[in-house]
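Asker: Dropping a structure here in structure tokens format, bear with me for questions.
The values are calculated or read from the model by the stated rules, or taken from the named source; none is laboratory data. Not measured: the values here are computed from a predicted model. Note that each Cβ is placed from the backbone with ideal geometry, even for glycine, and that neighbours are counted across all protein chains shown.
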Amino acid sequence: MRNKCKMNRFKNIPYLILVLILCFSESLLSQEKPISIYGYLDLAGRDVSKKQFFNGATENPPSTFMLLRTHILLNSHFYKNWKAFAIIRFQNGTFLGNESVENKGAFDLLEGWFEYRYDKWLRIRGGKFLAPFGYYNTRKYNSPIFNSILLPLMYEDEFLSQTSAGTIIPPEQNLGILGEFLIDNWAIGYNAYIGNGSDTDEHNYDVNNNKGIGFRIQVEPPVHNLTIGTSFYTEKSRFDIRPYLDMNAMMKKAAVTGQPVNTIIPILPNVNENETRKTFGFDLRYLIGNFKLRGEYVQSDITDVALIDASNISDTLNTYAFDGSDFSKTFYFINLSYTFFDKLTPFFELNVFEDPRHFVYRNTLHRYTLGTSFRPNSNIAIKIEYHIHQFGDIYNKVPNNFKNYEMLWAAISVFFN
Amino acid sequence: MKNIKIYRIMIVIFLAFISTNNLYTQIVVIVNSKNPVTSLTLEELERIYTANVVRWESVNDGEEYITLSDYKNKSDVVERFFKTVTGLSHLKIRLEWIGKMLTGEIQHVPNKSATEKDVIEFIASNKGAIGFVNASMINEFPESVKVLKINEKNYTESDYPLR
């Protein structure tokens with residue numbers, strides 16, 4: 001029996017050798033390696049001026065400097081017009097992203113897809129890939145080439161989830177077509193895609209309905225390094241608005257009963273199944289000599305929100321509930337940078353989040369960032385940046401630690417191949 | 001009188017030097033002789049070197065990949081070529097390539113050569129390769145390397161764009 005086990009173990013060796021040969025063979029296909037393996041390391045540290053405003057933190061987060069993440073990318077043109085691509089993340093540290101210790105040492109498949117190229121104007125992609133919504137969403141893992149350490153707020157899933165703002169950028173998609181046309185030196189690219197949407201049950205399992213669909217058009221006019229794009233995404237999402245409704249209902253309840261608002265627990269029945277989320281975006285990227293401008297605007301509307309009549313559950317529940325209504329939130333950012341001596345790039349970035357219904361920001365959040373990056377060569381980026389977060393009209397009932405705060409970040413990103 | 005003659009001779013030598021130097025400031029774009037492409041526009045060249053186009057569309061129904069040739073070190077020719085063609089510096093164009101790798105658009109960064117001779121050898125041995133060298137190297141081209149016209153202009157013409 002033991003020998004059989006040993007045999008089974010050795011049975012995999014030929015496959016392993018085959019994979020290694022594929023990985024390191026130079027020319028099984030005409031010009032391209034069968035598979036390329038490359039990646040990057042991110043080393044980053046931060047110092048936060050005040051108590052974190054989320055999770056009811058009572059102590060200042062410690063200053064840290066640690067190896068955060070290693071990303072390994074696999075890229076293969078494995079057969080004629082077929083391509084495979086994957087991004088695997090190894091979470092060395094704990095503080096960026098999910099803060100729980102359990103995530104230390106975790107491997108995540110961030111992207112994994114196959115693509116068939118029929119022609120330049122038609123490629124078909126299937127698997128798990130970032131929604132091509134906006135210019136930077138599909139590039140959000142490109143830290144070695146970014147000048148900034150933090151992504152614009154609209155791409156920071158962790159930040160948004162911890163503030164219960166809900167994601168504004170569509171989730172990963174599963175099937176799409178894309179391509180490009182050239183018309184009189186105008187390059188016009190398109191993406192159309194469908195995905196699982198963000199409709200999940202209370203255990204975060206996909207409920208297999210309410211799929212999302214979206215498209216993007218990107219135009220590059222015959223001007224050096226100018227790119228303009230517009231994106232649209234829609235899905236039915238019954239639970240997207242839930243935190244707003246619950247928190248606001250609790251606020252109302254607190255005002256009536258005098259009970260403090262401590263944690264978010266669902267107290268309302270389900271909302272209307274017709275709730276629909278529509279997200280529209282516009283983006284611009286322009287390089288003029290050493291000057292670079294980039295910006296994006298995103299507006300997400302949730303329409304047909306209504307609570308199911310709860311009068312048979314409680315006499316008082318409807319007192320705290322919202323009537324049917326539409327919700328809208330807006331994000332935009334502008335980033336201006338200038339490169340000196342081809343290596344030093346100071347930048348300024350303004351992020352604005354407007355959400356009149358949000359229970360934390362109430363109206364707006366502004367983030368001002370001043371930073372700079374230094375590149376001794378194309379594979380290494382050393383960055384430092386200072387952030388100021390300013391909240392708008394904060395609701396009176398929220399705890400004191402929901403306040404403006406500042407952060408200082410420093411990072412090194414190293415690309416290897 | 002003698003002084004005037006010396007000045008004249010010096011001016012002639014100087015002008016000859018300038019004109020010779022100008023002849024060698026053109027940059028020529030080269031491909032493998034097996035490649036049927038004979039001419040590219042500056043816009044096409046930009047899309048190739050920014051890796052927005054990764055295949056020779058006119059070769060084997062687009063099955064042939066474009067293999068870019070790059071230089072290890074900075075030089076006047078390298079900086080001038082990338083600025084003219086893409087509007088970007090050598091370092092920034094490398095960042096563009098890394099960005100394309102990180103999104104899966106290309107599989108590796110272009111081959112880096114130390115010298116122009118290395119570039120010529122690389123082009124000579126790779127059917128899908130494209131590169132650029134100073135026009136002064138043209139006498140050293142083997143038969144397996146050919147020069148492309150840019151905007152339908154030969155490098156000897158006065159309005160050749162890569163001067």
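Asker: Look through the stretch A:36-68, keep the residues that are modelled with pLDDT of 75 or more and touching a Phe, Trp or Tyr at 6+ places or on another chain (Cβ under 7 Å), and return whichever of them is nearest to the other protein chains (Cβ to nearest Cβ).
Answerer: A:Tyr38
Asker: Kindly check whether there is at least one residue in the stretch B:65-74 that is crowded, with 21+ Cβ neighbours inside 10 Å, of a type in the set (Phe, Trp, Tyr) and closer than 19 Å to B:Asn151 by Cβ.
Answerer: Within the stretch B:65-74, not a single residue is crowded, with 21+ Cβ neighbours inside 10 Å, of a type in the set (Phe, Trp, Tyr) and closer than 19 Å to B:Asn151 by Cβ.
Asker: Going through A:Phe415, A:Phe347, A:Phe374 one at a time, which residue ends up being at pLDDT 85 or above, within 14 Å of chain B (Cβ to nearest Cβ) and crowded, with 18+ Cβ neighbours inside 10 Å?
Answerer: After applying the criteria, what remains is A:Phe415.
Asker: What is the residue count in the stretch A:113-148 for residues that are facing chain B (nearest Cβ under 10 Å), assigned to a strand (DSSP E or B) and in contact with a strand residue (DSSP E or B) (Cβ under 6 Å, 6 or more places away or on another chain)?
Answerer: Residues in the stretch A:113-148 being facing chain B (nearest Cβ under 10 Å), assigned to a strand (DSSP E or B) and in contact with a strand residue (DSSP E or B) (Cβ under 6 Å, 6 or more places away or on another chain): 5 in total.
Asker: Count, please, the residues in the stretch B:99-118 that happen to be touching a Lys or Arg at 6+ places or on another chain (Cβ under 8 Å) and in contact (Cβ under 8 Å) with a residue 12 or more places away in the chain.
Answerer: Total meeting the criteria: 5.
Asker: So, in the stretch B:43-98, of the ones that are touching a residue at least 40 places away in the same chain (Cβ under 8 Å) and in contact with a Pro (Cβ under 8 Å, 6 or more places away or on another chain), which residue ends up farthest from the other protein chains (Cβ to nearest Cβ)?
Answerer: Result: B:Ser69.
Asker: Please count how many residues of the stretch B:104-130 are within 14 Å of chain A (Cβ to nearest Cβ) and not in a helix (DSSP H, G or I). Please lay out each step first, then the result.
Answerer: Taking the stretch B:104-130 first, the residues within 14 Å of chain A (Cβ to nearest Cβ) are B:104-112, B:122-123, B:125-130.
Filter once more, so that each one left must be not in a helix (DSSP H, G or I): B:104-112, B:126-130.
Qualifying residue count for the region: 14.
Asker: Name the residue, out of A:Thr263, A:Thr279, that is at pLDDT 65 or above and among the β-branched types (Val, Ile, Thr).
Answerer: Just a single option satisfies the conditions, and that option is A:Thr279.
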